[in-house]
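J.: Following this message is one structure expressed as structure tokens.
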Amino acid sequence: MQEKSLKEISVQYIKGVGPKRLKELQQLGINSVYDLLYLFPRRYEDRREFKKISLIEEGNQELVMGEIIDVDLRQSRRRGMPILEIKVTDGEGILSAVWFNQPYLEKILKIGKKVILYGKVERFLNIQMNSPEFEIVDEENIDSLNMGRIVPVYPLSGKLTQRILRSIIYEAIDHYAHKLTEFIPYDIRMRNNLPNIVEAIRGIHFPENLEQKERARKRFVFEEFFLLQLGIGMKRIKEKIDKEGISHRISQDLLRLFMERLPFKLTESQIRVIREIEEDMAKPKPMHRLLQGEVGSGKTVIACYALLLTVNNGYQGALMAPTEILAEQHFINLSNFLLPWGINLELLISGISEKRKNKILEDLKKGEIDIIIGTHSLLEENVEFKKLGLVVIDEQHKFGVLQRKRLLDKGLNPDCLIMTATPIPRTLALTLYGDLDISTLYELPPGRGKVTTYWISEEKREEVYNFIKEQIRQGRQAFIVYPIIEESEALEVKSATQMYEELKEKVFKEFRIGLLHGRLSSEEKNRIMEDFKEGEIDILISTLVIEVGIDVPNVTVILVENAERFGLAQLHQLRGRIGRGKYPSYCLLLSSAKTEEARQRLTALVKTQDGFKIAEEDLKIRGPGEFFGERQHGFPEIRIGDILKDIEILEISRKEAFNLLRTDPHLESPKHKILLEILRERFPNLDLISVG
């Protein structure tokens, strides 16, 4: 295959690349000619029009051409550093250009030579440019890569300069671009007005005009998204068509009886989602469904019904949660819902005795346990099921892709329900979760108290403390959350442990105070949470350990200290810990945010309680890379596309990819052979996206 051969040709065979250059290019991840051709500019500079020196403006990047009328090489008074200064005129003005520690330039920049200069204009005694890019004008060969055109600007490493890298890339295009093989089908390119691959490579690196640059960029953005959507689509086909799953028998009486036995009425959203899950579980193919909903929207009761459904069909269910506190809360809630059905539930966490653990593992293997609830402990090798029918994963973003896969592999293609209270922006639903069916809970159950959010500055701390005291005297409870556990001089933020002592002894000495953080043992955490739920603790001081899953309806205040230290999604999750009862609740963000990004986060949280709007805002503020945190294993890097700005191209590429797969689901047609090879090369880990 031709493209593969470009991946096998070392970049060192290109003119201008010696051993030193090779190392510098390798630091940029460039080993082959193919890598070099796909090193896209990060931006462009329009250097097509020269400006008269008399018209250039201070602070701007300007392009001028003129004759050198003076050259002065001297040494700085303090350090003895060589300074080269030239004066250039175009007949209408004079400009100085200065270079530091580059005395060799005196041999190049000589009086009488015509020179092009590009750089930022500054004013000292006169207007000047410091270390501008320059080019000596050769009257016979005025064709330049660096001046008089739209110029690409690349990422650099080591001693590589833009001039050198442009020259190397130009050589690569000149000698090798024609060997690139087109793999986007002709009809798709024509429909979407996309240039062919060779034209696009020339246009993305050295465009003749802005239109050509935009067409080339559109082609490569489309290419990236198209390949990604093909991979997602093929994974979907593999899961939905090629794999045999469990066909659950659906009984209408089961849902009716389940609803009758609940102490509350399900919302219309909840019933709709249950129907979607029933439809999936009835099919003889594995379910892969993502259930997203606001904090407190009632996802647990839906998971509970899905688990009941699999047990009713003679299978076992597993629910994996990210923390022991959340696992225990699920165990208590599910037990309340399901014990009247005679279902045997067990909890597997690190805190239980060895004897108890062995008994649970034995019963699970024999099939005597219907539903197991646990944390990462469910992933251990000695956890075996007799007949696993459904896996429920709560707060899925807390688990790695391979961990989720390991749990699913403990059964024979079991159904999988993934739950998240972190709403997925539409753009990510099309990419990261593109192969999952998505159910969304938009409405909250009735009878929830209103939550109001305030961003408060440090000066009003006393008022905040008085407000919390007032709430507690009315019989309510409060959370106070800190970003770290122990004192840290580097961060200069109050830690939970230090402030616990201070608040207990001074500010809230008339009230009962508890401290909860991740380093406590399971027994200690459980005891503290139980005391808090029973109302024996008035104020719980905590770290992010309460971010997910704590449900105490009597809590009406959450005070977040140093709120600027938390991400927007984290703050929204923390806010979700209150407003679970009938009382009005208050989220107080104490922060003297100094950065623009922190201010944007806090403003967004005060403005809206809609988790979907917050997720979109979070994505805008942080960008896709940071939004994911550590890039999920198996998710390919998006190099040129921007899932926010290029949403239209993303949607078109998805439509084209899925249309193509309708006619050729496995890309087996000879005309798609190269496309399939490119897909496998570009995204070798795409196989894992199904559980991510």
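The values are calculated or read from the model by the stated rules, or taken from the named source; none is laboratory data. Keep in mind that what you see is a predicted model, and the values were worked out from it rather than measured. When we count neighbours, we look across all protein chains shown, and the Cβ atoms used for this are built from the backbone with ideal geometry, even at glycine.
J.: Evaluate the range 38-54: report whether one residue or more is under 21 Å from GLN128 (Cα atoms) and without any contact (Cβ under 8 Å) to a residue 24 or more places away in the chain.
T.: yes
J.: Can I ask one more? If you take the residues of the range 182-203 that are farther than 14 Å from PHE226 by Cβ, surrounded by 15 or more Cβ atoms within 10 Å (Cβ to Cβ) and of a type outside the set (Asp, Glu), which of them is nearest to the chain's Cα centre (by Cα)?
T.: Among those residues, the one meeting the criterion is ILE201.
J.: Restricting the range 407-439 to residues that are in a helix (DSSP H, G or I) and surrounded by fewer than 18 Cβ atoms within 10 Å (Cβ to Cβ), which is modelled with the lowest pLDDT?
T.: Restricting to residues being in a helix (DSSP H, G or I) and surrounded by fewer than 18 Cβ atoms within 10 Å (Cβ to Cβ), the top hit is ARG426.
J.: When only residues in the range 344-379 that are small (Gly, Ala, Ser), in contact (Cβ under 8 Å) with a residue 12 or more places away in the chain and in a loop (DSSP other than H, G, I, E, B) count, which is surrounded by the most Cβ atoms within 10 Å (Cβ to Cβ)?
T.: Per the stated criteria, the residue is GLY351.
J.: Next question. Criterion first (surrounded by 17 or more Cβ atoms within 10 Å (Cβ to Cβ) and modelled with pLDDT of 90 or more) does LEU73 satisfy it?
T.: In short, no.
J.: Identify all residues within the range 597-633 that are at pLDDT 85 or above and charged (D, E, K, R); write none if there are none.
T.: ARG599, ARG601, LYS607
J.: Regarding the range 535-555, can at least one residue be identified that is modelled with pLDDT of 90 or more and closer than 20 Å to LEU605 by Cβ?
T.: Taking every residue of the range 535-555 in turn, at least one turns out to be modelled with pLDDT of 90 or more and closer than 20 Å to LEU605 by Cβ.
J.: Would you be able to say whether some residue in the range 197-206 is at pLDDT below 95 and part of a helix (DSSP H, G or I)?
T.: Scanning the range 197-206 turns up no residue that is at pLDDT below 95 and part of a helix (DSSP H, G or I).
J.: Something else about it: Considering only the range 276-302, state which residues are part of a helix (DSSP H, G or I) and not hydroxyl-bearing (Ser, Thr, Tyr).
T.: Correct list: GLU276, ILE277, GLU278, GLU279, ASP280, MET281, ALA282, LYS299, VAL301, ILE302.
J.: Then there's this: Only one of these conditions is not met by SER297: (1) in contact with a Lys or Arg (Cβ under 9 Å, 6 or more places away or on another chain); (2) at pLDDT below 90. Which number is it?
T.: (1)
J.: Another question about this same structure. Would you mind stating whether ALA303 is closer than 25 Å to PRO446 by Cβ, surrounded by 20 or more Cβ atoms within 10 Å (Cβ to Cβ) and aliphatic (A, V, I, L, M)?
T.: On the way: closer than 25 Å to PRO446 by Cβ: yes; surrounded by 20 or more Cβ atoms within 10 Å (Cβ to Cβ): yes; aliphatic (A, V, I, L, M): yes.
Against the criterion (closer than 25 Å to PRO446 by Cβ, surrounded by 20 or more Cβ atoms within 10 Å (Cβ to Cβ) and aliphatic (A, V, I, L, M)), ALA303 qualifies.
J.: Let me ask another. Among (1) in a helix (DSSP H, G or I); (2) free of Cβ contacts under 8 Å to residues at least 60 places away in the same chain, there is one condition ILE250 misses while meeting the rest; what is its number?
T.: The failed condition is (1).
J.: Take the conditions part of a strand (DSSP E or B), surrounded by 11 or more Cβ atoms within 10 Å (Cβ to Cβ), out of contact with any Phe, Trp or Tyr (no Cβ under 9 Å at 6 or more places or on another chain) and of a type in the set (Lys, Arg) and apply them to LYS51. Does it pass?
T.: Criteria not met by LYS51.
J.: Going by the conditions given, is GLN573 assigned to a helix (DSSP H, G or I) and farther than 12 Å from TRP455 by Cα?
T.: yes
J.: Looking at ALA604, ALA593 in this structure, which one is assigned to a loop (DSSP other than H, G, I, E, B) and either over 23 Å from HIS330 (Cα atoms) or free of Cβ contacts under 8 Å to residues at least 40 places away in the same chain (or both)?
T.: Sole residue among the options that is assigned to a loop (DSSP other than H, G, I, E, B) and either over 23 Å from HIS330 (Cα atoms) or free of Cβ contacts under 8 Å to residues at least 40 places away in the same chain (or both): ALA593.
J.: Now for a separate question. Out of the residues in the range 387-399 meeting the condition of being in a loop (DSSP other than H, G, I, E, B) and out of contact with any Phe, Trp or Tyr (no Cβ under 9 Å at 6 or more places or on another chain), tell me which one is surrounded by the fewest Cβ atoms within 10 Å (Cβ to Cβ). Can you show your working first?
T.: Taking the range 387-399 and keeping what is in a loop (DSSP other than H, G, I, E, B), we get 387, 395, 399.
From what is left, the residues that are out of contact with any Phe, Trp or Tyr (no Cβ under 9 Å at 6 or more places or on another chain) are 395, 399.
Working: GLU395: 20, PHE399: 23.
Restricting to residues being in a loop (DSSP other than H, G, I, E, B) and out of contact with any Phe, Trp or Tyr (no Cβ under 9 Å at 6 or more places or on another chain), the top hit is GLU395.
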